[in-house]
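No lab work stands behind these numbers, since they all come straight from the coordinates. Values in this document were obtained by computation on a predicted structure and should not be read as measured data. Don't worry about glycine lacking a Cβ; one is built from the backbone with ideal geometry, like all the others, and counts go over all protein chains shown.
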């Protein structure tokens, strides 16, 4: 029953977002809104302020402590987390039709988990495997043509969109093998805490890598909330495109406007 | 006939000289970015005080960035409804905001190692130059692309920096738009915020 409700919710949310691009039209006012579609802006801003407070009290100090770890320890932890993420990336490679990449990532996972001692060492990169690119279900929905839908800020987890939330739900209903063997199914090899520790460490690792960048962004922002929203949406678009070209996160006509001066 | 030939030769020589001198003056966007990166890197790696670094970085930005272009781009469609006086007021305050924000962001770095790799001409007006900020023990490698306006090939200017696919000009445009929209479309709210930032 739970699964049926979840499937229903995902379908509805994706249908809702299917035609929603980032350049949105406010149907009530008829005003053209050039910002990304931020349907719940007031709630989002409140959640953002809450997360920001939490960050200052908990995440930032923890990330600073994490930075004190010796560099090889941090690299090893980062490698382990990247290796685990292959478990979500591989099914998404398949769903996106990139079977070659799925095969490469499967070999990468096998090599790093064994020779690389549970992923601590990125042996695959050392022997010349192509650069690893993470994929998730939100990105897969994007490649299938689903629009991002409304922008949402989740408590603790931070920025997302309706499409990405739907992707996360897929992970929890069987799409993430790591979640399946730790939390969902009672295996004798892993416990629930393994999953949560890996997720929290992943968050701290990300925060530690972006300490100065985020501080810089906040100090120089006129509207920090809008900056983070733009960063998140542009970053997700880029990840969906997976482009190695040196451009094109944006429409060139954006720039033509300034030529009319 | 001889005179005609001489005149023809004269014009031919003039043509070649002018063509050659134009080519020698025009700067490849890739080399342009490399020279700015080198200048900035030199400033940041020296033992100047933070204030001295900021002052020197501001000079580089004034010389090599199309601040007015970025300012108008950041304003988006709101620009069209502004009077000339208001536009001037906006550009004046935007320049101060931009220079302060740009230089204080950069001044945080000490000796960044940037490798300029490639360039791709988008059209007559724009070329993208790609580079990477090399990894340090704390940070992974970061891909940085530079949008260069080449309307005047002898004087290319930076108009956007795209970090890992995220355009900083676009972030700023959405930020400004958000400020204006949350204040019922009033451009003065943005001017007030910019002034507040410049004076803090």
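Give me log10 I(q)/I(0) at q = 0.10, 0.12, 0.16 Å⁻¹ for region A:75-208, Debye formula, one equal scatterer per alpha-carbon, no solvent.
With one equal scatterer per Cα and no solvent, log10 I(q)/I(0) is -0.35, -0.51, -0.91.
Could you identify which residue out of B:110, B:150, B:127 has the top mean-square fluctuation in a GNM of chain B using Cα springs shorter than 10 Å?
Its mean-square fluctuation being the largest, the pick is B:110.
Please compute, for peptide B:172-185, the average count of beta-carbon atoms on other protein chains lying within 10 Å of each residue's beta-carbon.
5
Roughly how tilted is helix B:168-181, in degrees to the nearest 10 and between 0 and 90, from the longest Cα axis of chain B?
Result, in degrees: 50.
How well do other chains shield peptide B:136-148, expressed as the mean number of their Cβ atoms within 10 Å of each residue Cβ?
Partner-chain Cβ atoms within 10 Å, mean over residues of B:136-148: 3.
Based on other C-beta atoms within 10 Å, arrange A:67, A:74 from fewest to most.
Ordered by Cβ neighbours within 10 Å, fewest first: A:67, A:74.
Rounding to the nearest 10 and keeping the result within 0 to 90°, find how far the Cα-based axis of helix B:50-64 lies from the longest principal axis of chain B.
40 degrees
Give me the distance between the Cα centres of region A:74-118 and region B:61-132, rounded to whole Å.
39 Å
Taking other Cβ within 10 Å of each residue's Cβ, how do B:133, B:122 sort, fewest first?
Final ranking by Cβ density, sparse to dense: B:122, B:133.
Need one value for A:71-79: mean number of C-beta atoms belonging to other chains within 10 Å of its residues' C-beta atoms.
1
Determine the shape class of region B:104-200: with a ≥ b ≥ c the square roots of the Cα gyration tensor eigenvalues, call it rounded for a/c under 1.5, and otherwise prolate if a/b is greater than b/c, oblate otherwise.
oblate
So in region B:27-199, what percent of DSSP beta bridges are antiparallel if you round to the nearest 5?
95 percent
Taking the Cα atoms of chain B, report the difference between the largest and smallest coordinate on each principal axis, in whole Å and largest first.
76, 49, 31
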